[in-house]
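Here is the structure we will look at.
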Amino acid sequence: MAATSFTAAKFLAPVAARSGGERAPPLPAGASSSSFARAMRRGGAHHPRLRTALAVSSDVLAGNKAQAAAANPAVTREEALELYEDMVLGRVFEDMCAQMYYRGKMFGFVHLYNGQEAVSTGFIKYLNQADCVVSTYRDHVHALSKGVPARSVMAELFGKATGCCRGQGGSMHMFSAPHNLLGGFAFIGEGIPVATGAAFAAKYRHEVLKQSGPDGLDVTVAFFGDGTCNNGQFFECLNMAQLWKLPIIFVVENNLWAIGMSHLRATSDPEIFKKGPAFGMPGVHVDGMDVLKVREVAKEAIDRARRGEGPTLVECETYRFRGHSLADPDELRKPGKDYFPVSFYFFASLVKFLVLTRLSGEMENGIKASLAKFVAMLKMASNIVLMKTDEKSHYAARDPITALKKYIIEENLATESELKSIEKKIEDVVEEAVEFADASPHPPRSQLLENVFADPKGFGIGPDGKYRCEDPKFTQGTAQV
Amino acid sequence: MFEALREALIEEMKLDPTVCVMGEDVGHYGGSYKVTKGLAEMFGDLRVLDTPIAENSFTGMGIGAAMKGLRPVVEGMNMGFLLLAYNQISNNCGMLHYTSGGQFKIPVVIRGPGGVGRQLGAEHSQRLESYFQSIPGLQMVACSTPYNAKGLMKAAIRSENPVVLFEHVLLYNMKEKIPDEEYICCLEEAEMVRPGEHVTILTYSRMRYHVMQAAKTLVNKGYDPEVIDIRSLKPFDLHTIGNSIKKTHRVLIVEECMRTGGIGASLRSAIIDNFWDYLDAPIMCLSSQDVPTPYAATLEDATVVQPAQIVAAVEQICQ
């Protein structure tokens, strides 16, 4: 790998404690002469807990596109196929959700993950069953990556009793105890403290209950977006996680938009990964459209957490191909003026079609091949024009699934037909999930009050002296206390 | 009372290693009201966790830890500070058991001192029971004596439901002899303080003492009030309350929270729904004024219900 590309080795550099003997780095010119500044210059003798933590940025951020696209970290065939299958599952599932929504099978707010699959797959596929994942309202694919069956997620989206949350949660509240998926939260930032709590419980189990796993601490990964990084809960949890060295990874899925609010308009310092070192933890920026790079960073962060070295803040540069939700008209991310290239491309495709339908035999193959090349060239030209004018196309060209497919084929890890058969398999899985969800029953009225309290005595004692929950029909009644 | 709460915590933490405490100054400082004094030395810094000042986040942290098998007792240094944790208490504490389809339980106890103290100012004198009462999935209890404080704390810790335990700033130094043997108070039951025949007085927390003071005056005047400490603010113990109403046919509610949307307002509705036929007089409800608690002593006294008002109210009901 080239020396300037983002490497795991850089990230592995240990967090250096600044002891009394070490000198503090020189302050910039014009530094104040406050007592704090003087103490800093003295080498931190008054601040034994000051640490230097790393801020590592990826080549994408440095604008180094050549390096960014260059040598990927090595991966085995099995791993590559697993990653590919998981990303395809995420994509196909989300596309099916869009279809089902517009057909009136799914309701309310549905937020799709198209384009961001590399982040979910890159992190979650490296986790164990016992590790926890906490997500936001854009949680379908996190659930799928963590192992929740597609049929459970689809049934939940349809609001059926067989859904992973019995139909009570919906799109924004995916939970699964067996898979350690701790939600699914509708308000942004809300899940971060919950994730911090899960990490705290892991540390507690190890230190107080003396229950240690063979690999180390159970890790928690919290996913959230760029908008959340301006929320108080984010900062409060960064502080607590680093303070107690909790086994948690804070993964920022920076897709540049919080509904219609551009990240750059909302954030004073838009480089989120730099906020990690402010709290003493490493902050890493990674190309979130490249699953292999995400996976490399994930490995380092997760292994670090497992060893008890504490949290990491990872900013993944990614993009959502669809709007914020299925109800979002997505007008602020309009594509640029592209009439010329598109119409040219269309014209060329039309010519190709007309010519080919009038040819026969051997001539057809030769002309077919050269026409195909011509059209591909035009497509590339139009893409280049569009890239300069349009964010959406820029990221569409970096589609993580296409990128991994290209990599797998170029590295001879699998053939095109093997990948196609994976795609077919996934399509069948998702179709089956829809059929299952369609055929599943709606929750009956008797389910209404069943899960309000873990202990239904919480509904209290009725006028007759008996606990309300002792009446077998109470769950379909009125929730009054 | 603070010793009773402390004893309850120690007993439960010894019994069950998953019980832990988190809050501001609960560890090395021993708690602002000494409820957790000495616990950090006994159980360690992780089990008695000194948190930074981030109520929303550490309450959420307690909830996440509860989802993963721990039983945290989250302390709000003053109940009013838990307003900052309202997001986590409403959205996560109350709701997650339901939205997860019953997959995760949240056995947290959220506790802290509230109520009007001695000239603490408006923000330190809040009564959050009325704010929290609508949250589905939450149980609320208010302790008023060392006996029921210890019993309710133990019951709350053992409960699989999230419980908010309201303590009162002025009651921490109450003294009472309590049993050496282990005992638990039922979370859903009310407490009969003084049986009587003429009028049912329903109260909780500090107002219990104002009511009992008024009761002395009333007894001298020839009245026989029945005093019930409802203890369980959500759900109401309609059995004990109902039996009392069926006997006396008159109800007076004395509470410290604000008039608008308070516990008394809900209690009144519940009584009208269930016991309308047994009432001989309209239900009277004495609550604090809808006013930010003033600092000045005279104004502060005028904000909460005083024994003289209770006496006057009983006389009015019993006409």
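Net charge within 14 Å of A:GLU432 by Cβ-Cβ distance, Lys/Arg positive one each and Asp/Glu negative one each, not counting A:GLU432 itself?
It works out to a net charge of -2.
Kindly sort A:SER417, A:SER57 by accessible area of their heavy atoms, largest first, with the probe set to 1.4 Å.
A:SER417, A:SER57
Could you tell me the accessible area of A:ASP95 in Å² (1.4 Å probe, neighbours in place), rounded to the nearest ten?
About 60 Å², rounded to the nearest 10.
For every helix of n ≥ 4 consecutive DSSP H residues, a contribution of -39,500 (n - 2.57) applies; sum these over the protein assembly as shown, divide by its total residues, and give [θ] at 222 nm rounded to the nearest 500 deg cm²/dmol.
Mean residue ellipticity, 222 nm, calculated: -12000 deg cm²/dmol.
What is the packing order of peptides B:113-121, B:146-154, taking the mean over residues of other C-beta atoms within 10 Å and listing the highest first?
Highest-to-lowest ranking by the protection proxy: B:146-154, B:113-121.
Total accessible area buried between chains B and A, 1.4 Å probe, in Å² to the nearest 100?
Values: alone 13490 and 23790 Å², together 32850 Å².
Separately minus together, B and A give about 4400 Å² buried.
7 Å from Cα along Cα→Cβ at both A:LYS466 and A:SER370: what's the point-to-point distance in nm?
According to this spin-label approximation, the distance is 9.0 nm.
Any chance you could check region A:435-454 for residues losing 40 Å² or more of accessible area when the partner protein chains are in, compared with the chain on its own (1.4 Å probe)?
A:ASN451, A:VAL452, A:PHE453, A:ALA454
Mind listing which trypsin sites (Lys or Arg not before Pro) in region A:434-481 are in a DSSP loop and have 12 or fewer other Cβ atoms within 10 Å? It would help to have the intermediate numbers written out before the result.
Working: sites: A:ARG445, A:LYS457, A:LYS466, A:ARG468, A:LYS473; in loops: A:LYS466, A:LYS473.
Here the sparse-neighbourhood loop sites are A:LYS466, A:LYS473.
Along its principal axes, what span do the Cα atoms of the protein assembly as shown show, with the longest given first and each in whole Å?
So the extents along the principal axes, rounded to whole Å, are 116, 70, 48.
Can you check what the net charge comes to around B:ASP50, using other residues whose Cβ is under 10 Å from the Cβ of B:ASP50 (Lys, Arg +1; Asp, Glu -1)?
-3
For the pairs A:LYS125/A:LYS210; B:LYS37/B:LYS150; A:LYS299/B:LYS68; B:LYS37/B:LYS105; B:LYS105/B:LYS154; A:LYS146/A:LYS299, flag any whose C-alpha to C-alpha distance is greater than 20 Å.
A:LYS125/A:LYS210; A:LYS299/B:LYS68; B:LYS37/B:LYS105
Does region B:273-319 come out rounded, prolate or oblate by the C-alpha gyration tensor, with a ≥ b ≥ c the root eigenvalues, rounded set by a/c under 1.5 and, if not, prolate when a/b is larger than b/c and oblate if not?
Here region B:273-319 falls in the oblate category.
Which of the aspartates and glutamates could a cross-linker span from B:LYS221 if the Cα-Cα distance has to be under 14 Å and same-chain partners fewer than 8 positions apart are dropped?
B:GLU315
Which parts of region B:31-74, residue by residue, lose 50 Å² or more of accessible area when the rest of the protein chains are there, as against the chain isolated (1.4 Å probe)?
Buried on complex formation: B:LEU46, B:PRO52, B:SER57, B:MET61, B:LYS68, B:LEU70.
Calculate the length of the line joining the C-alpha centroid of region B:83-145 to that of region A:304-332, in whole Å.
32 Å
Straight-line reach only, C-alpha to C-alpha below 18 angstrom: list the aspartates and glutamates that A:LYS373 could link to, leaving out same-chain residues fewer than 8 apart.
Within the straight-line cut-off, A:LYS373 pairs with A:GLU362, A:GLU364.
Between B:ALA308 and B:MET192, what is 0.36 nm times their sequence separation minus the Cα-Cα distance? Round to one decimal in nm. Display every interim value, and only then the final one.
On the way: separation 116, 0.36 × 116 = 41.76 nm, distance 2.22 nm.
So the extension gain works out to 39.5 nm.
Sum up the charges of everything whose Cβ sits under 9 Å from the Cβ of A:VAL92, counting Lys and Arg as +1 and Asp and Glu as -1, but leave A:VAL92 out.
Details: positive: A:ARG91; negative: A:GLU94, A:ASP95, A:GLU423, A:GLU427.
Here the count lands on -3.
Put +1 on the Cβ of each Lys and Arg and -1 on the Cβ of each Asp and Glu in region B:168-314; which of B:LEU202, B:TYR223, B:LEU171 then has its Cα farthest toward the positive end of the dipole?
Projecting each Cα onto the dipole axis, the largest value belongs to B:TYR223.
At a probe size of 1.4 Å, how large is the accessible area of B:PHE236, to the nearest 10 Å²?
Approximately 10 Å² of B:PHE236 is accessible to the 1.4 Å probe.
What number comes out for accessible area per residue over the protein assembly as shown if the probe is 1.4 Å? Units Å², please.
41 Å²
Just in region A:111-154: which chymotrypsin sites (Phe, Trp or Tyr not before Pro) are loop by DSSP and have at most 12 other Cβ atoms within 10 Å?
Values: sites: A:TYR113, A:PHE123, A:TYR126, A:TYR137; in loops: A:TYR113, A:TYR126, A:TYR137.
Here no chymotrypsin sites (Phe, Trp or Tyr not before Pro) fit, given the DSSP loop and packing criteria.
Roughly how many Å² of A:PHE459 are accessible to a 1.4 Å probe, to the nearest 10?
10 Å²
Relative contact order of region B:1-168, please, whole-number percent, based on alpha carbon pairs below 8 angstrom and at least 6 residues apart. Don't jump to the answer; show the numbers that get you there.
On the way: 329 pairs, mean separation 41.0, N = 168.
Across region B:1-168, relative contact order equals 24 percent.
In whole angstrom, how far apart do the alpha carbon centroids of region B:251-319 and region B:183-202 sit?
17 Å
The values are calculated or read from the model by the stated rules, or taken from the named source; none is laboratory data. Quick caveat, the model's predicted, so the values are computed rather than measured. Note: ideal-geometry Cβ built from the backbone for every residue, glycine included; neighbour counts use all protein chains shown. The accessibility values were calculated without ligands, DNA or RNA, using every heavy atom of the protein model including side chains. Shrake-Rupley method; radii C 1.70, N 1.55, O 1.52, S 1.80 Å.
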